[in-house]
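Participant: One structure is given below, represented as structure tokens, and several questions about it will come after.
The values are calculated or read from the model by the stated rules, or taken from the named source; none is laboratory data. Predicted model only: the values in this text are computed from it and were never measured. All Cβ positions, even for glycine, are placed from backbone atoms using ideal geometry, and neighbour counts span all protein chains on display. To get the accessible areas, we keep the full protein, side chains included, count just its heavy atoms, and leave off ligands, DNA and RNA. Shrake-Rupley method; radii C 1.70, N 1.55, O 1.52, S 1.80 Å.
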Amino acid sequence: MRLSNGLIPTLKETPAEAQIVSHRLMLRAGLVRQMASGIYAWLPAGLRVLRKISDIVRAEQDAAGVQEILMPTIQSADLWRESGRYEAYGKEMLRITDRHERELLFGPTNEEMVTAIMRDAVKSYRELPQMLYHIQWKFRDEVRPRFGVLRGREFLMKDAYSFDLDYEGALTSYYKMLLAYMRTFQRLGVTAVPMRADTGQIGGDLSHEFHILAPTGESQVYYDSDYDHMDWVKSDLSYSNPNDVKAAYNDIKYTYAATDEKHDLNEWAKVPDVRKREGRGIEVGQIFYFGKKYSEAMGFAVIGPDGTKIFPEMGSYGIGVSRLVGAIIEARHDEAGIIWPDAIAPFSAAILNLRKGDAGTEAICEQLYAALGADALYDDRDERAGTKFAEADLLGHPWQIIVGPRGAATGQVELKRRATGERFELPVAEALAKVRG
Ligand code: 5CA
């Protein structure tokens, strides 16, 4: 993107309504704008981050054998009456009446709808197990939407659902998803620690929450620092091998982590002191096993090998895609702005032309921009160098390629690594090679 005609409306002043750093930085860097309480529009740079996160989430779900679908945002109230959750959900559900007086709602989650789809389409035990997911906007009329996209009313979620014939199968699906989550968060460039959790609204008896560590987190968390070193991406565990996915679960089961609600002092005492970590966590995902709760309530059964009915065992698995944007900023920023992990930065590099109109700097900038393409942000505006540096730091591009007239005369540029502040004087080709990694 050429910044001279791009929509990245940065703010110099700190917006008064923003209480925490990610909200301030998202507004100041021009990633989002609030349209109503807890409802945000995603501007070009913000949407690029949301897309990159969604793409990584999607790639790992696909790798784990989960099938992508797309369910609507608007659901029928009758579906929710079948499970008994229409009344139970309370005021958090946004209820809508159409012109024919039919009751609808804006979906806060999709257990009912996905169960109805499966009930209609799947009749035999031979068609199971299956796992489905979608990435779709949800609405929860939170009493106090706050902290920007961290607790919004409209938010983007990846929600997946598993259907198995028996308990063993359901556990395998659960373990598979646990492994997919560990891989996903690592690929996003953050450490998310899995914690045993209560099941709340969704119901059921096995659940994990995934927390990103950040000082502003809503939960107090305790965990073994072994989580900081586990490499799930490089591990050769296979999704198609039930023993492998069980092994991933066991690694997590026997490595301590808990929120204050589930903190167990006896177990904590067994963790060596040097490995004890505590702090605040932001919940970016939660997974649940809840057995036959929805299949029985909604009458979804398949015919088993002996002709009898089997109500499938289910689980549901959520990742807060839009919340992740805020949570990652909470975990990765400094006084100057955002420090994106490479994998999800809106642009991998900013090209800063320090002298607009200079033939030498323009030629090099154009050469860099042609080579890097859409993944670069070319600051071609007629602005002071100081403004360009400050905005590049604020937006948090992993690399800044700084092109000034003096270096341009000898074909050199300055490369700055945002995360470390390191600077390199390099010929154009070498700078390009470094940015491309
Ligand atoms: N049906 C299940 C799993 S698919 C479910 O709804 N789980 S959940 O309630 O835990 O939500 C999943 C994730 O969505 C949460 O871990 C959180 O990261 C995100 N989330 C939940 N509420 C909000 C909200 N108000 N704003 C932003 N993200 C949210």
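Participant: With respect to Ala327, is the statement that it is in contact with a helix residue (DSSP H, G or I) (Cβ under 9 Å, 6 or more places away or on another chain) and more than 16 Å from the ligand (Cβ to nearest atom) true?
Facilitator: no
Participant: Could you tell me which numbered condition Trp268 fails, if it satisfies all but one of (1) of a type outside the set (D, E, K, R); (2) open to solvent by less than 20 Å² (accessible area, probe 1.4 Å); (3) more than 16 Å from the ligand (Cβ to nearest atom)?
Facilitator: Only one criterion in (1) of a type outside the set (D, E, K, R); (2) open to solvent by less than 20 Å² (accessible area, probe 1.4 Å); (3) more than 16 Å from the ligand (Cβ to nearest atom) is unmet by Trp268, namely (2).
Participant: Give the residue that is nearest to the ligand (Cβ to nearest atom), with candidates limited to residues of region 330-344 that are open to solvent by less than 10 Å² (accessible area, probe 1.4 Å) and assigned to a helix (DSSP H, G or I).
Facilitator: Among those residues, the one meeting the criterion is Glu330.
Participant: Oh, and also: For region 287-304, enumerate the residues that are open to solvent by 30 Å² or more (accessible area, probe 1.4 Å) and either more than 16 Å from the ligand (Cβ to nearest atom) or not in a helix (DSSP H, G or I) (or both).
Facilitator: Result: Lys292, Glu296, Gly299, Ile303.
Participant: Next question, about the same structure. Tally the residues that are farther than 28 Å from Gly148 by Cα and in contact (Cβ under 8 Å) with a residue 40 or more places away in the chain, restricting the search to region 276-300.
Facilitator: 11
Participant: Is region 305-316 home to any residue that is among the aromatic types (Phe, Trp, Tyr), more than 16 Å from the ligand (Cβ to nearest atom), closer than 30 Å to Leu128 by Cα and touching a helix residue (DSSP H, G or I) at 6+ places or on another chain (Cβ under 9 Å)?
Facilitator: yes
Participant: Kindly indicate the residue of region 245-272 that is part of a helix (DSSP H, G or I) and free of Cβ contacts under 8 Å to residues at least 24 places away in the same chain and also nearest to Gly65 (Cα to Cα) among those meeting that condition.
Facilitator: Checked region 245-272; the qualifying residue nearest to Gly65 (Cα to Cα) is Ala247.
Participant: Go through Glu283, Glu366, Glu362, Glu278 for me and flag whichever is farther than 30 Å from Leu432 by Cβ, open to solvent by 10 Å² or more (accessible area, probe 1.4 Å) and more than 16 Å from the ligand (Cβ to nearest atom).
Facilitator: None of the others qualify; the one that does is Glu278.
Participant: A further question on this structure: Checking Ser235 against (1) modelled with pLDDT under 95; (2) in contact with a strand residue (DSSP E or B) (Cβ under 8 Å, 6 or more places away or on another chain): exactly one of these is not met. Which one?
Facilitator: Failed condition: (2).
Participant: Another question, then. Restricting region 144-157 to residues that are basic (Lys, Arg) and more than 8 Å from the ligand (Cβ to nearest atom), which is least open to solvent (accessible area, probe 1.4 Å)?
Facilitator: Within region 144-157, the subset basic (Lys, Arg) is 144, 146, 151, 153.
Still in the list and also more than 8 Å from the ligand (Cβ to nearest atom): 144, 146.
Working: Arg144: 147, Arg146: 68 Å².
The extreme case among them is Arg146.
Participant: Determine, yes or no, whether Val66 is within 30 Å of Met298 (Cα to Cα), open to solvent by less than 50 Å² (accessible area, probe 1.4 Å), touching a residue at least 24 places away in the same chain (Cβ under 8 Å) and aliphatic (A, V, I, L, M). Spell out the reasoning first.
Facilitator: On the way: within 30 Å of Met298 (Cα to Cα): yes; open to solvent by less than 50 Å² (accessible area, probe 1.4 Å): yes; touching a residue at least 24 places away in the same chain (Cβ under 8 Å): yes; aliphatic (A, V, I, L, M): yes.
It is true that Val66 is within 30 Å of Met298 (Cα to Cα), open to solvent by less than 50 Å² (accessible area, probe 1.4 Å), touching a residue at least 24 places away in the same chain (Cβ under 8 Å) and aliphatic (A, V, I, L, M).
Participant: Please verify whether Ala408 is part of a helix (DSSP H, G or I) and either surrounded by fewer than 22 Cβ atoms within 10 Å (Cβ to Cβ) or over 22 Å from the mean Cα position of the chain (by Cα) (or both), treating the condition exactly as stated.
Facilitator: For Ala408, the condition - part of a helix (DSSP H, G or I) and either surrounded by fewer than 22 Cβ atoms within 10 Å (Cβ to Cβ) or over 22 Å from the mean Cα position of the chain (by Cα) (or both) - is met.
Participant: Being part of a helix (DSSP H, G or I), more than 31 Å from the chain's Cα centre (by Cα), over 28 Å from Leu31 (Cβ atoms) and not small (Gly, Ala, Ser) is the requirement here; does Glu430 meet it?
Facilitator: Details: part of a helix (DSSP H, G or I): yes; more than 31 Å from the chain's Cα centre (by Cα): yes; over 28 Å from Leu31 (Cβ atoms): yes; not small (Gly, Ala, Ser): yes.
When the stated conditions are applied, Glu430 passes them.
Participant: What about Ile319, is it outside any helix (DSSP H, G or I) and within 16 Å of the ligand (Cβ to nearest atom)?
Facilitator: Yes.
Participant: State the number of residues belonging to region 305-329 that are more than 30 Å from Glu13 (Cβ to Cβ) and open to solvent by less than 10 Å² (accessible area, probe 1.4 Å).
Facilitator: Selection size over region 305-329: 6.
Participant: Residue check, Pro194 against (1) assigned to a helix (DSSP H, G or I); (2) within 13 Å of the ligand (Cβ to nearest atom); (3) farther than 26 Å from Gly38 by Cα, all met but one. Which one?
Facilitator: For Pro194, the exception is condition (1).
Participant: Looking for something open to solvent by 60 Å² or more (accessible area, probe 1.4 Å), within 16 Å of the ligand (Cβ to nearest atom) and not in a helix (DSSP H, G or I) - is there at least one such residue anywhere in region 217-237?
Facilitator: yes
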